[in-house]
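Q: The structure is given below, and queries will be raised subsequently.
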Amino acid sequence: MSLTLDESTAATKINFEVSFSEPQAHYIDVEMSIADLGRDFVDIKMPVWAPGSYLVREFAKNVEGFSAADSKGNTLGFKKTNKNTWRVSLNNKSEIKVNYRVYAFELSVRTSFVDASHAFLSPTGVFMYVDGMIKEPSTVKIRLAKNWAKVSTGLEPVKGKENTFLAPDFDILYDSPLEVGNQDVFEFTAAGVRHEVAMYGGGNYDKARLSADMAKIVETETAVFGENPNKHYVFIVHNTSTGGGGLEHLNSTVLGARRLSYADEAGYKGFLGLVAHEYFHLWNVKRLRPQALGPFNYDQENYTTDLWISEGFTAYYDNLMLRRAGLYTPEKYLDVVNADINTVENQPGNRVQPVSEASFDAWIKYYRPHENSRNSTISYYDKGAVLAMVLDLEILGSTKGKKGLDDVMKAMYDEYYKKQKRGFTDAEFRAMAEKVAGKSLDKIYNDYVNGTQPISFNNYLGHAGLALVDDNKGRVQPFLGAATVIKDGKVTVTAVARGSSAWNYGLNVNDEIIAIDNNRITLAVDPNTKISDLDRSVVTKKVGEKIQVLISRDGLIQTLDIQLSANNSFRYRIAESEDVTEDQMLVRRRWLHL
Ligand SMILES: [Zn+2]
């Protein structure tokens, strides 16, 4: 977007003014001025979701005190026509002002939060849009609360107007969160782009080290696509005691980090992994995107079968980029890949839900997990990352290391984002992958993307002279298959694994396990063996033996006779094949950046 941002272009029809009269009580005060309305009434709407986080969150639930007036301050009538629409009667007025307040007390990357120390404005939950005017530019003026100093956002400032920003249209406004307060801001330049890091909440971060490592990630990722489309990019980082999450935007991102995680190696690399993930999204999903993901419908779910590409490939690349940037050793990188494979293969839902369906149903399944989700669903992040590796290795193998998944991503970006300026279809992505691979990808698509067949990992890892070894092979160990926690002092079942002894013999979620074979169960862990008394009462038995489990289900005592079956989980590790050929070494070198 290349608008000249001077005062003349800021003559927009829709202007927001945001103030904070009661930040300590978590309120955002919004005034929305709308001009040039030649009609009888106007529908003003609050989005129901935040793009990138595929759940209807009903942001209108936080709105209160809606009112409308003409330019002279005369009140205009309105009525709500559905959960997120306010219909204002215009009485032949073409200019109106709308006021409302938003209660904001949910600090996450996709919801808004205000307290005395700062405000985070997640725009789909703060700014309403005028039905039919989503393409209109607007301005946002922020009136700082007392003792607040600055605003950090990817929106461009309007010259000559303090804390005022221009959004070229509502898609860009909704893609540009704002951090307001006294955040600690530092900058670095990489790939020709000025990067701003806005840290809220303090923490033990080292700015020089972070700038250097984040710059490496930026350069490495830019090299995949051959260009960095932004001039300015903002990382908004919320440092809290628990951290968590990230949300991608066009030229910014919001990251949740643990305040004191920067000094230890695992915590620091975890943060860099999050940076690599969200930054990769500025290409993959924000620009190179499935058709359903932009322009968005803010009123309802937007369905796509391609989140295994948009999220899963991004999850593959985040670790791969740390490897290429030299922030992971090859060994560490393979450990991470191995962990992904184990996660996917040990989830019973992987045999039930195809990953393309997991994507489509993200709104009702991935974002609404329950006690049986592990048995019936697979994450499009985890499975998508594994499939990205499978595709990468298949392409590297079939082209003798000359081409890889990078070439598919770059070609797709060039064709659909830059040239055709639209989202891609499932078939277009597949066609490009097959073109680059120089072969049909029928098996991968039929069996692993749209099916639930076990992945023949050795076919793909074999291209790099590697093999998957199952350390559990030949091991026969009894297994109950129930996850438990202590709840109200009671050993309580929280999940039952599909096909396990617990599943087959009817142990249920919420059952309290009182005793096994007449021994009281407490979950106490033996300091020597590190196993709980519950686990001990199972692993000391033989497969095929029975245990007697005394339970309380909804207050009624009963005994279950459970015959123990064998643990059928995998413990995979990636190992070197014998007699590795030069072709295999070529692929390995290219994949692992050796
Ligand atoms: Zn993501």
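Where a number appears in this text, it was derived from the coordinates with a stated rule and is not lab data. Only a predicted model underlies this, so the values are computations on that prediction, with no experimental measurement involved. Cβ coordinates were reconstructed from backbone atoms using ideal geometry, including for glycine residues, and neighbour counts include every protein chain displayed.
Q: Given R₀ = 51 Å, what would the calculated FRET efficiency be for T522 paired with M585, taking r from the Cβ atoms and rounding to 0.05? Don't skip to the answer; put the middle values down first.
A: Working: r = 54 Å, r/R0 = 1.06.
With R0 = 51 Å, the Cβ-Cβ based efficiency is 0.40.
Q: Could you order the peptides 52-58, 551-557 from most to least packed, using the average number of other C-beta atoms within 10 Å per residue? Before the final figure, lay out the partial values.
A: Details: 52-58: 18.0, 551-557: 11.9.
Descending packing order for the listed peptides: 52-58, 551-557.
Q: What is the calculated FRET efficiency for D554 to D533, with r their C-beta to C-beta distance and R₀ = 30 Å, to the nearest 0.05?
A: On the way: r = 24 Å, r/R0 = 0.81.
The value I calculate is 0.80.
Q: Only sites in a loop by DSSP and with at most 10 other Cβ atoms within 10 Å count here; which trypsin sites (Lys or Arg not before Pro) in segment 117-152 make the cut?
A: Sparse-neighbourhood loop trypsin sites (Lys or Arg not before Pro): K135, K146.
Q: For the peptides 495-506, 417-428, 73-84, what is the packing order when you average, over each peptide's residues, the other Cβ atoms within 10 Å and list the highest mean first?
A: 495-506, 417-428, 73-84
Q: A further question follows. With the dipole of the chain worked out from charges on the C-beta (+1 for Lys and Arg, -1 for Asp and Glu) around the Cα centre, which of G349, V408, A266 lies farthest toward the positive end?
A: G349
Q: Moving to a separate point now. Between R101 and R422, what is the label-to-label distance in nm when each label sits 7 Å out along the Cα-to-Cβ direction?
A: For R101 paired with R422, the spin-label model returns 4.7 nm.
Q: Follow-up. What is the helix-to-structure angle for 207-225, meaning the angle in degrees between its Cα long axis and the longest Cα principal axis of the chain, kept from 0 to 90 and rounded to the nearest 10?
A: 90 degrees
Q: May I pose another question? What distance in nm separates the simple spin-label points at K490 and D184, each placed 7 Å from Cα in the Cβ direction?
A: Label-label distance for K490 and D184, simple model: 4.7 nm.
Q: Output the 0 to 90 degree angle, nearest 10, between the alpha-carbon long axis of helix 426-437 and the longest principal axis computed from the alpha carbons of the chain.
A: 60 degrees
Q: If you don't mind, another one. Of K150/K419; K135/K419; K45/K383; K473/K530; K45/K72, which pairs sit farther than 28 Å apart, going by alpha carbon to alpha carbon? Provide the component values of the computation, followed by the final result.
A: Details: K150/K419 38 Å; K135/K419 21 Å; K45/K383 36 Å; K473/K530 23 Å; K45/K72 23 Å.
Exceeds cut-off: K150/K419; K45/K383.
Q: Separate question: If I fit a long axis through the Cα atoms of helix 380-398 and take the longest principal axis of the Cα atoms of the chain, what angle between them do I get, 0 to 90°, rounded to 10?
A: 80 degrees
Q: Whole-Hz ³J(HN,Hα) for each residue in segment 233-248, computed from phi via Karplus 6.51 cos²θ - 1.76 cosθ + 1.60 with θ = phi - 60°, x for glycine and proline: what do you get?
A: 9, 10, 9, 9, 10, 9, 9, 10, 5, 9, x, x, x, x, 9, 7
Q: Here's a follow-up. Taking Cα pairs under 8 Å and at least six residues apart, what relative contact order does the chain come out at, in percent? Numbers along the way, then the final one.
A: Numbers: 1245 pairs, mean separation 57.9, N = 594.
Across the chain, relative contact order equals 10 percent.
Q: In addition: Could you pull out every one of the aspartates and glutamates with an alpha carbon less than 16 Å from that of K546, ignoring same-chain neighbours closer than 8 positions?
A: Output for K546: D517, D535, D561.
Q: Past the 18 Å Cα-Cα mark, which pairs from K13/K79; K159/K421; K286/K418; K207/K269?
A: On the way: K13/K79 23 Å; K159/K421 30 Å; K286/K418 13 Å; K207/K269 15 Å.
Violating the 18 Å Cα-Cα cut-off are K13/K79; K159/K421.
Q: Let me ask another. Do the sum for the chain: with -39,500 (n - 2.57) for every DSSP H run of n ≥ 4, divided by all residues, what is the mean residue ellipticity at 222 nm, to the nearest 500 deg cm²/dmol?
A: Details: 14 runs with 142 residues, N = 594.
Dividing the helical sum by the residues of the chain leaves -7000 deg cm²/dmol.
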